[in-house]
Amino acid sequence: MRVSMNRKLIGFLFIYLALLNVFDAFATAHGLSLNKIREMNPYMNEIYHIHPLLFITLKISLSILLICMGVIWGSMIRKKRFISSLIILASIIYTPVCLTHIYWLTQHYFSY
């Protein structure tokens, strides 16, 4: 029962990260277009400045890859504790990034 729950949790976290990544893609591209935020990742910043659509396409592709990895590794999660730990850590780190996007979006669109 515990292993089954662990698999479900890790599978959920892969999907959660993929959704955060898609949200981050669109929120970042929008924020950069408004000059409200900066892209802190120098590689992604360079990609955005090549073309915003390339930036969004890459981020969505990475999200699809995350979902595929979750499906593949979900069946053998007991053997992949390192991956489980990484996905949990990534979820903990990436959530505040997206909350920051929600904050500035709210400020931008709803401040009077």
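Size of the dipole of the chain about the Cα centre, Lys and Arg at +1 and Asp and Glu at -1 on the beta carbon, nothing else charged, in debye to 20? It would help to have the intermediate numbers written out before the result.
On the way: 10 positive and 3 negative charges, 143 e Å.
The calculation lands at about 680 debye.
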Amide hydrogen neighbours beyond the local backbone of residue 37, cut-off 5 Å, H modeled: 32
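All other residues with a Cβ under 12 Å from the Cβ of residue 45 taken together, and with Lys, Arg as +1 and Asp, Glu as -1, what is their net charge?
Working: positive: 38; negative: 39, 46.
Here the charged neighbours net out to -1.
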Integer Hz, Karplus 6.51/-1.76/1.60 couplings in order for region 38-43, x for Gly and Pro: 10, 7, 7, 7, x, 5
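Rounded to the nearest percent, how much of the accessible area of the chain (1.4 Å probe, protein heavy atoms only) is carbon and sulfur? Walk me through the numbers before you get to the answer.
Working: 5530 of 7840 Å².
With neighbouring chains kept in place, the figure for the chain is 71 percent.
The values are calculated or read from the model by the stated rules, or taken from the named source; none is laboratory data. Treat the numbers as computed from the prediction; the structure is a model and nothing was measured. Glycine also receives a Cβ, built like all others from the backbone with ideal geometry; neighbour counts cover every protein chain displayed. Heads up: the accessible areas ignore ligands, DNA and RNA and are worked out on the full protein's heavy atoms, side chains in. Shrake-Rupley method; radii C 1.70, N 1.55, O 1.52, S 1.80 Å.
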